[in-house]
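Chemist: Please read through the structure below; I'll follow up with questions.
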Amino acid sequence: MPNELILVVDDSDDYRDSIVALLHLNGFDTCTAADGHEALHQIKAARPDLMLLDLQMPRMGGMEVLEHLNKMPVELPVILMTAHGSEAIAVEVFRKGVKNYIIKGKENFDPDEILAAIQHSLVELRLRREKEQLAERLLISNFNLQQRVNEFKILHSIGKSVASLMDMETLLLRVVGAATMLTESMEGSIHLIERKKPICRVIKSEMDDRPLLVAETSSDPLVIQVAKSGKPVLSGVDDGDAIGQSAVVTPLAAGEKVLGVLMVRNNGSNARAFGKRDVALMSALANYTAIALENARNAQRHIAVERPEPSLAEILKQNTVFISYSRLDWVDYVEPLVNFLIREGFNVWVDQNLLLGGENWLDIINEALAHSTYMILCVSPRALASPYVKFEYRYFFHHQKPLIPLICEPTLLPAELLNYQNMPYAALERLAKLMKEMMGKGE
């Protein structure tokens, strides 16, 4: 604990210096003032723990200092020093908040009296500080305990939920969301080993509100290292890595086999460095995820073995066709197209929120995109200018799902759509035939 700081206020240099020397010998730090104006300045600048205040001083005396002090937002114990003690003075100074007062000698002072008065006045201050420190430690301990309890509850809940998930995409999205939440990280990603290479399947960046599905070859050195070694890595700002980066990378392992890699990362000069607790949380989550991955893959293999060859009618019902369009094209192009496809037996999903202004658009559209197998993009200048349409067809583009641009009005196609076979709006019969062939082949 640092030494208490005592402000000594007296217009006599000799008297002031003598008191300062006494205080230093007894382990106190000091600051000084020669009058009331200097005293008020020192109170604000040095923030002393106690003040020894002379009553009679030029410019501003002790009583005036007390009046100013009572208007300031500070709690400062005061011991008044006066050469003329009386009951009247005692009553007045105590009313102004003075803790004690001592009688000054003409040429010297009683060291024991001053030290006793100081110790008596500091008892309350020390007790209050100890109480505040104890309360702060208790608050921190309770917070840490509650945090551990919450982490355990979250892990238990995640373990139960992911263990029962058979849909791979939902599983991966939920795991990355849980990883970033548990570790309070800016970024998260999950990478699955496919054809002996790690492929990033879900990523959440600092700018994303939620994890997103992707399909990209992983080039991160830490991901590649953990995929090969099968051992977790804690990368922090003090271990020679790039300044301001910290990461936890854990393997998704089933026995000796590495199924994938789970990663969280913090970036920036003020980023929190991860620690052993984060590694433990990520390892536990990775274990749950590995079990769920194995269960989901086994379930898919079981279904694939037992499922009989479906008829074309069943294929049409099982595969959803997502219609991406501009609401300005609804009457002229989209509504007739939807009615035609329904008559042909297709299972069609069209976003009515574009027309009705529904809520939770992003949640609805993400779910529809994830579960739709094919997309028909109604191409017009208005559609290609829409950020929502771009979001939709780029989702299919990144996930390598079948997409057919249907040219409703002639316009210049963006480069990313040039590799797709497009069809004119007038050839709807040919469009239906092509889609049935694609579905029959499982493309």
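Any read-out appearing in this document is the output of simple, stated calculations on the displayed coordinates, not a laboratory observation. Quick caveat: nothing in here was measured; it's all calculated off a predicted structure. Ideal geometry is used to build each Cβ from the backbone, glycine not excepted, and the neighbour counts take in all protein chains shown.
Chemist: Using a simple charge model, +1 on the beta-carbon of Lys and Arg, -1 on the beta-carbon of Asp and Glu, nothing else, what dipole does region 5-130 show about its Cα centre, in debye to the nearest 20?
Modeler: Working: 13 positive and 21 negative charges, 109 e Å.
Here the size comes out at about 520 debye.
Chemist: Amide H neighbours of Gly260 under 5 Å, counting only residues 5+ apart in sequence or on other chains, H built in-plane at 1.01 Å?
Modeler: Amide H to amide H, under 5 Å and 5 or more residues apart or across chains, Gly260 pairs with Ile193, Leu252.
Chemist: Right, here's the next one. Got a sec to turn the phi values of region 130-137 into Karplus ³J(HN,Hα) couplings, 6.51 cos²θ - 1.76 cosθ + 1.60 with θ = phi - 60°, whole Hz, x for Gly and Pro?
Modeler: With the stated coefficients, region 130-137 comes to 4, 5, 5, 5, 5, 5, 5, 5 Hz.
Chemist: Collect residues whose amide H, placed 1.01 Å from N in the peptide plane, falls under 5 Å from the amide H of Tyr101; neighbours closer than 5 in sequence don't count.
Modeler: Amide H neighbours of Tyr101, under 5 Å, 5+ apart: Leu80.
Chemist: Along region 55-72, what does the Karplus equation 6.51 cos²θ - 1.76 cosθ + 1.60 (θ = phi - 60°) give for ³J(HN,Hα), rounded to whole Hz, x for Gly and Pro?
Modeler: 6, 9, 8, x, 6, 8, x, x, 5, 5, 4, 5, 4, 5, 4, 5, 9, 8
Chemist: Could you sort out which of Lys228/Lys276; Lys197/Lys436; Lys257/Lys390; Lys96/Lys131; Lys153/Lys196; Lys204/Lys228 sit more than 31 Å apart by Cα distance in this structure?
Modeler: Working: Lys228/Lys276 22 Å; Lys197/Lys436 34 Å; Lys257/Lys390 39 Å; Lys96/Lys131 26 Å; Lys153/Lys196 35 Å; Lys204/Lys228 23 Å.
Exceeds cut-off: Lys197/Lys436; Lys257/Lys390; Lys153/Lys196.
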